[in-house]
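Student: There's a structure below that I have some questions on.
The values are calculated or read from the model by the stated rules, or taken from the named source; none is laboratory data. What you see is a predicted model, and the numbers here were worked out from it, not measured in a lab. Reconstructed Cβ throughout: ideal geometry from the backbone, glycine too, with neighbour counts over all protein chains shown.
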Amino acid sequence: MFKNKSILRNKKQILDPYWFILPAMLLLSILMLIPIIQVFRYSLMDNVITNKSPEFVGLSNYKEIIQDEVFKSAIGHTLFFTIFSVVFHLILGMSFALLLNSKYLGSGTRAVLRVIFIFPWLFTPAIIAIVWRLILDPLGIMNFMLQQAGLIDGIVEWLSDESTALGTLTFINVWNGYPFYMVSLLAGLQSVPQQQYEAAVIDGANSRKQFYYITIPHLKPIILSLSILDFIWTMQVFPLVWMTTGGGPGHATEVMATYTYKLTFLQFEFSKASASAMIILLISMVISIFYVRSQKSR
Amino acid sequence: MTIKSLKYKRMGSKALVYFLLLFGVIFAAFPVLWLVSISARANGEVFASPPSFLPKVLDLGAYKKIFQDPDKLRFFVNSYVIAIVVTFVTLFISMLTAYGFSRYEFRGKKIINMIIIGTQTVPPIALMIPYFGLMVTFKLYDTYGALILTYLALTLPYGVLMMTGFFNTIPKSLDEAVLIDGGSRLLTLFRVIVPISLPGIVSTGLYTFLLSWNEFLFALTLTKSNEMATVPIGIQLLMGQHSYEWNEMMAMSFLGSLPIMLLFLFFQKYFLAGMAAGSLKD
């Protein structure tokens, strides 16, 4: 009888971990799994929500989206925005981290500077958008300063000129996002074993060689996972674009997210929007497989 | 190389580092200082030519206007209520889940863990359309409930991964001692593990609060009335209503950034830990 009881107890215990993870699993199923299935189903219908009796139309929404010139250009803009953001985030994040790690700084100065350098990351995208709109206003301070410095003549309409709008948005995003890299890279720099540098100095390696042969290899896993995550997130950009240019002028800064948003809430083409959203989701998923792999190998 | 030339070289590189740091400070801080400076002047002085860096006449009228307008204060109340509820619910559920992950071996653990890592990358825009349908169907559209629920989808994956990381660093022998004395699992979690991992909980909580405070897309699509608008949406409304009250918009932006700034300054160490953990599982 005693034995039986312990078997019973064991059986009950097998279920224990599942009770602990149940609330999270339930919520994530309702808020992630079901919506993703739903959006996929929507994307195969002629139209939903406003349409009382939706019909199955297969992949025709996808076909239409892919052939849409605006969507094609939105993919191009998204790629431009994302690639340049990631590259400059990395360059600036690394530069700031190296500067903060400089031996010329006392620990107090370093702490203060670190706080200042993190500032841009602490702001809400909506607020970043509006502050930069003010700074970059044709009559704003940026044009004034550049004119005084003799770098531009006349007034540049940074956000409403087709030739500058996308580059300007990318610049704002670079300003906003580099601290994320800086913080992680600084922590990485401080964990490089000092003996390796000492050994390199004895071997006569200059500081550039030390950087390429010791620092970079040591930081490689951090750089890799930061860049992949940043790529996925930046690709999904919405508030910054929506609140500065709204995708305009014309479609000059249309990105995949603003394109999808407009299809949904301005044109009420819920099924086409779902197809567009599915394309963004699929691209994110493919890249995130690389991310999960890079996480597993750490 | 003589000692003297080495000394010059060192001075030169020191000067270069200081120059670059100064440039960095201007790059990082100028927009922030400009925001504060504009918020403290009369609207007529915003585009004064030539612009002056400091307000010629200090004018806090923009702040006064916001504090005297219950509709605008409501944006802040909404943001605070939602962010605080989301933070506590996320922490509670994440702690339970993290306990399961760090203290048990069970079937499906690896796959579930990978799915959770993967959900961090699901684009909100893909969830937006089904969420809209869901909230309308369940009559949650334009309520706190809609935002609290959907924000949990964004914060839970981080919460679970971060808390699991922190719990894994606590030796199992600690809670086993309590279990042998006849304590329940929940008791060990809340009496033993939670107090020890308080720094980790603070980090996770700060990051969750930040995510919720900053959210824009769901707030834009799942609410419509001004009474439900959060701070980011409130700023957008302000921009639409009278697009040239720049001093007021900047005052609103300053007040909207204040909680995050203060949390950052007071809890810097925890904030940085959360920031690093947000990108890196360890």
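Student: Restricting to the range A:160-208, name every residue that is touching an Asp or Glu at 6+ places or on another chain (Cβ under 9 Å), assigned to a helix (DSSP H, G or I) and either free of Cβ contacts under 8 Å to residues at least 12 places away in the same chain or of a type outside the set (S, T, Y) (or both).
Tutor: The answer is A:A165, A:G177, A:F180.
Student: Check the range A:82-90 and report whether any residue there is touching a helix residue (DSSP H, G or I) at 6+ places or on another chain (Cβ under 7 Å), of a type in the set (V, I, T) and modelled with pLDDT of 90 or more. Reasoning before the result, please.
Tutor: Kept after step one, since they are touching a helix residue (DSSP H, G or I) at 6+ places or on another chain (Cβ under 7 Å), are these residues of the range A:82-90: A:82, A:84-86, A:88-90.
Still in the running and of a type in the set (V, I, T): A:82, A:86.
With modelled with pLDDT of 90 or more added as a condition, the list becomes A:82, A:86.
There is at least one residue in the range A:82-90 that is touching a helix residue (DSSP H, G or I) at 6+ places or on another chain (Cβ under 7 Å), of a type in the set (V, I, T) and modelled with pLDDT of 90 or more.
Student: Against the conditions (1) within 17 Å of A:L281 (Cα to Cα); (2) in contact (Cβ under 8 Å) with a residue 40 or more places away in the chain, where does A:Q38 fall short? Just the number, please.
Tutor: (2)
Student: With the condition kept exactly as written, say whether any residue in the range A:112-129 is farther than 28 Å from A:S184 by Cα and within 7 Å of chain B (Cβ to nearest Cβ).
Tutor: So the first thing to find is which residues in the range A:112-129 are farther than 28 Å from A:S184 by Cα, and the list is none.
Taking every residue of the range A:112-129 in turn, none turns out to be farther than 28 Å from A:S184 by Cα and within 7 Å of chain B (Cβ to nearest Cβ).
Student: From the list A:S102, A:S95, pick out the single residue that is free of Cβ contacts under 8 Å to residues at least 40 places away in the same chain, surrounded by fewer than 19 Cβ atoms within 10 Å (Cβ to Cβ) and in a helix (DSSP H, G or I).
Tutor: Values: A:S102 fails: in a helix (DSSP H, G or I).
When all the criteria are applied, what remains is A:S95.
Student: Being in contact with a Leu (Cβ under 9 Å, 6 or more places away or on another chain), aliphatic (A, V, I, L, M) and surrounded by fewer than 16 Cβ atoms within 10 Å (Cβ to Cβ) is the filter here, so list the residues in the range A:58-87 that pass it.
Tutor: Across the range A:58-87, the qualifying residue is only A:L59.
Student: Another question about this same structure. Does the range A:139-151 contain at least one residue that is surrounded by 19 or more Cβ atoms within 10 Å (Cβ to Cβ), in contact with a Leu (Cβ under 7 Å, 6 or more places away or on another chain), within 12 Å of chain B (Cβ to nearest Cβ) and not aromatic (F, W, Y)? Let's see the steps before the verdict.
Tutor: Our first condition is that a residue be surrounded by 19 or more Cβ atoms within 10 Å (Cβ to Cβ); within the range A:139-151, this holds for A:140-143.
Applying the additional criterion that residues be in contact with a Leu (Cβ under 7 Å, 6 or more places away or on another chain) yields A:140, A:142.
Next, only the ones that are within 12 Å of chain B (Cβ to nearest Cβ) stay: A:140, A:142.
Narrowing the set further to residues that are not aromatic (F, W, Y) leaves A:140, A:142.
Among the residues of the range A:139-151, at least one is surrounded by 19 or more Cβ atoms within 10 Å (Cβ to Cβ), in contact with a Leu (Cβ under 7 Å, 6 or more places away or on another chain), within 12 Å of chain B (Cβ to nearest Cβ) and not aromatic (F, W, Y), which makes the answer yes.
Student: Contact list please: Cβ distance under 9 Å, first residue in the range A:230-252 and under 22 Å from A:I127 (Cβ atoms), second residue of a type in the set (D, E) and at pLDDT below 90, pairs at least six apart or on different chains.
Tutor: A:G248/A:E162
Student: Return the residue satisfying two criteria in turn: it lies in the range B:189-222 and is of a type in the set (S, T, N, Q) and more than 12 Å from every other protein chain (Cβ to nearest Cβ), and of such residues it is nearest to A:L240 (Cα to Cα).
Tutor: Going residue by residue through the range B:189-222, those that are of a type in the set (S, T, N, Q) are B:197, B:203-204, B:208, B:212, B:214, B:221.
Now narrow it down to the ones that are more than 12 Å from every other protein chain (Cβ to nearest Cβ): B:197, B:203-204, B:208.
Numbers: B:S197: 36, B:S203: 26, B:T204: 25, B:T208: 20 Å.
Going through the qualifying residues, I end up with B:T208.
Student: Here's a follow-up. Kindly evaluate B:I111 against the criterion of being surrounded by fewer than 22 Cβ atoms within 10 Å (Cβ to Cβ) and in contact with a helix residue (DSSP H, G or I) (Cβ under 9 Å, 6 or more places away or on another chain). Walk me through how you get there before you give the answer.
Tutor: On the way: surrounded by fewer than 22 Cβ atoms within 10 Å (Cβ to Cβ): yes; in contact with a helix residue (DSSP H, G or I) (Cβ under 9 Å, 6 or more places away or on another chain): no.
Against the criterion (surrounded by fewer than 22 Cβ atoms within 10 Å (Cβ to Cβ) and in contact with a helix residue (DSSP H, G or I) (Cβ under 9 Å, 6 or more places away or on another chain)), B:I111 does not qualify.
Student: Quick check, is B:G205 within 25 Å of B:A98 (Cβ to Cβ), crowded, with 19+ Cβ neighbours inside 10 Å and small (G, A, S)? So that I can check it myself, show each step before the final result.
Tutor: Values: within 25 Å of B:A98 (Cβ to Cβ): yes; crowded, with 19+ Cβ neighbours inside 10 Å: yes; small (G, A, S): yes.
Here the answer is yes, as B:G205 does meet what is asked.
Student: Just to confirm my filter: which helices (runs of 4 or more DSSP H) fall fully inside the range A:232-298 and include at least 1 residues that are at pLDDT below 90 and of a type in the set (G, A, S)?
Tutor: On the way: elements: A:239-244, A:256-265, A:270-296.
Result: A:270-296.
Student: Quick check on this structure: which one of B:I26, B:I66 is on the phi < 0 side of the Ramachandran plot and in contact (Cβ under 8 Å) with a residue 12 or more places away in the chain? Can you show your working first?
Tutor: Working: B:I26 fails: in contact (Cβ under 8 Å) with a residue 12 or more places away in the chain.
Exactly one residue qualifies, and that residue is B:I66.
Student: Shifting gears a bit: So, B:M128, is that one more than 10 Å from chain A (Cβ to nearest Cβ) and either under 15 Å from A:P35 (Cβ atoms) or not in a helix (DSSP H, G or I) (or both) or not? Steps first, please.
Tutor: Values: more than 10 Å from chain A (Cβ to nearest Cβ): no; either under 15 Å from A:P35 (Cβ atoms) or not in a helix (DSSP H, G or I) (or both): yes.
Against the criterion (more than 10 Å from chain A (Cβ to nearest Cβ) and either under 15 Å from A:P35 (Cβ atoms) or not in a helix (DSSP H, G or I) (or both)), B:M128 does not qualify.
Student: Mind checking which residues of the range B:113-125 are outside any loop (DSSP other than H, G, I, E, B) and either at pLDDT 90 or above or at the interface with chain A (Cβ under 7 Å from one of its Cβ atoms) (or both)?
Tutor: B:M114, B:I117, B:G118, B:T119, B:P124, B:I125
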